[in-house]
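Encoded as structure tokens, the structure appears first; notes follow it.
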Amino acid sequence: MSSKLIRVLAVVAVLFAITAPAFAQQLSEVQRGQLAMEAAQAKNQAIVTAGANPRTGPGLGIGLSVVGIGIGLGLIGFAALSGVARQPEQVGTIRGLMILLAALVEGAGIIGIVFSFAIIILG
């Protein structure tokens with residue numbers, strides 16, 4: 001980014017930081033109580049509408065992680081085969097890069113699966 005754009009963004013950020021307290025409003029005790037009651041009602045409504053099984057989200061996360069891994073590995077394999085078909089003499093380089101990229105895709109997918117299991121176990 002250019003230095004002029006960075007300066008403009010910095011000035012805008014400082015202006016927001018300075019003017020934010022000017023627009024803040026003081027709440028009375030009654031307004032705070034009403035706000036807390038509305039928040040509690042919204043939370044109860046969210047719990048009711050979220051469904052009975054709290055493990056649905058992490059289960060979907062596990063499934064999507066596995067699907068993402070499959071799609072990523074398929075695309076890597078397709079690209080590697082296309083590259084070898086175009087330049088057979090570069091098969092060693094292409095194979096090394098393919099293995100590296102496959103490991104990165106697998107790692108990202110495994111992290112998603114581990115986080116989903118952690119939510120199921122801890123949550």
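Each value in this text was obtained by applying a stated rule to the coordinates, not by laboratory testing. Being a predicted model, the structure only gives us computed values, none of them experimental. No Cβ is skipped: glycine too gets one built from the backbone with ideal geometry, and neighbour counts run over all protein chains shown.
Using r as the Cβ-Cβ distance of Thr93 and Leu73, and R0 as 30 Å, what FRET efficiency do you calculate, to the nearest 0.05?
Once rounded, the FRET efficiency stands at 0.95.
Subtracting the Cα-Cα distance from 0.36 nm times the residue separation, let me have the gained length for Thr56 to Ile121 in nm, one decimal.
Details: separation 65, 0.36 × 65 = 23.40 nm, distance 1.30 nm.
Working it through step by step, the gained length comes to 22.1 nm.
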Checklist entry - For labels at Val11 and Leu100 in the simple 7 Å Cα→Cβ model, what's the distance in nm? => result 4.3
Checklist entry - From the square roots a ≥ b ≥ c of the eigenvalues of the alpha-carbon gyration tensor of segment 54-123, which class results: rounded (a/c under 1.5), prolate (a/b over b/c), or oblate? => result prolate
